[in-house]
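For reference, the structure is listed below as structure tokens.
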Amino acid sequence: MNHIFDFLFGQYENYANLDIVLEITAVLFGLSSVLFAWRNKIWVYPTGIISTAIYVYLLYKWDLLGDMIINGYYFMMSVYGWYVWTRKVGPDNKSTPISKTNLRDKKISLLIFWSSILLIYLVYVANDKWDNSYAYIDTLTTAIFFVGMWLMARRKIENWIFWILGDLISVPLYFYKGFTFTSIQYLIFTVIAIFGYLEWKKRLNKPIVTA
């Protein structure tokens, strides 16, 4: 049993207690945010903002630049998504409904994806860290999550497909990096994202309440 515990959590031996507490706090708020997203509740954004703000600090400290940029982007998109989800549209003054992506959304998603690939690559090169073994995968997951976050802010059902794909890649990636709690978080995210997709599919194009 001790060997299993050491394998999963041994990397925390040299971490400051404050950093461990902050990571667990960020994980809990992150899980809460995804659960709120699953249920299509506006609280996805305030809880997400707290989680991402903590992760920006931790990831900067841990020198994980791609992940730090992801969370900085999440923070900004959470503010934007909060606005979109509460905005009233149409003659009936309803909140923005869940819908499918149109051609314009797909073009923007493609632009975000490739722009993200280029941005993270330049960040790694500028900091002389492109030779890290996880840099390539980190760049890919960043691009996937950037698209997923934008689609979620626009309340597009396809956002869940990007979350599922990115989460599946992130589970072994974060474990390899030595962040077991965050790896477990992404495993749970994967399950929630599957249920989130199924739930949003039932609500597709229906007026919704964001409370």
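The values are calculated or read from the model by the stated rules, or taken from the named source; none is laboratory data. Since we're looking at a predicted model, the values are computed, not measured. Here the Cβ is made from the backbone with ideal geometry for all residues, glycine too, and neighbour counts use every protein chain on show.
Tell me yes or no: at least one residue of the stretch 187-201 is assigned to a helix (DSSP H, G or I), under 18 Å from the mean Cα position of the chain (by Cα) and of a type in the set (Asp, Glu). Taking every residue of the stretch 187-201 in turn, none turns out to be assigned to a helix (DSSP H, G or I), under 18 Å from the mean Cα position of the chain (by Cα) and of a type in the set (Asp, Glu). Among the residues of this structure, Thr139 counts as one that is surrounded by fewer than 23 Cβ atoms within 10 Å (Cβ to Cβ) and modelled with pLDDT under 90.
Among the residues of the stretch 133-170, write down those that are within 12 Å of Asp67 (Cβ to Cβ) and either in contact with a His (Cβ under 6 Å, 6 or more places away or on another chain) or outside any helix (DSSP H, G or I) (or both). Tyr134, the sole residue that qualifies. Note on the stretch 27-53: residues that are surrounded by 18 or more Cβ atoms within 10 Å (Cβ to Cβ) and closer than 21 Å to Val123 by Cβ total 1. Does at least one position in the stretch 115-130 carry a residue that is farther than 23 Å from Val27 by Cβ, among the polar types (S, T, N, Q) and outside any helix (DSSP H, G or I)? Yes: one or more hits. Evaluating Tyr57 against the criteria (1) under 27 Å from Ala135 (Cβ atoms); (2) touching a Leu at 6+ places or on another chain (Cβ under 9 Å); (3) outside any helix (DSSP H, G or I) leaves one unmet condition, (3).
Being out of contact with any strand residue (DSSP E or B) (no Cβ under 8 Å at 6 or more places or on another chain) and at pLDDT below 75 holds for only one residue in Asn71, Asn2, Asn40, Asn102, and it is Asn2.
Restricting Thr182, Thr101 to those that are surrounded by fewer than 18 Cβ atoms within 10 Å (Cβ to Cβ), polar (S, T, N, Q) and touching a residue at least 24 places away in the same chain (Cβ under 8 Å) reduces the list to Thr101.
Contact map, the stretch 110-127: residues that are touching a residue at least 40 places away in the same chain (Cβ under 8 Å) and farther than 17 Å from Trp163 by Cα paired with residues that are acidic (Asp, Glu) and exposed (fewer than 11 other Cβ atoms within 10 Å of the Cβ), Cβ distance under 8 Å, separation 6+ or inter-chain. No pairs are found.
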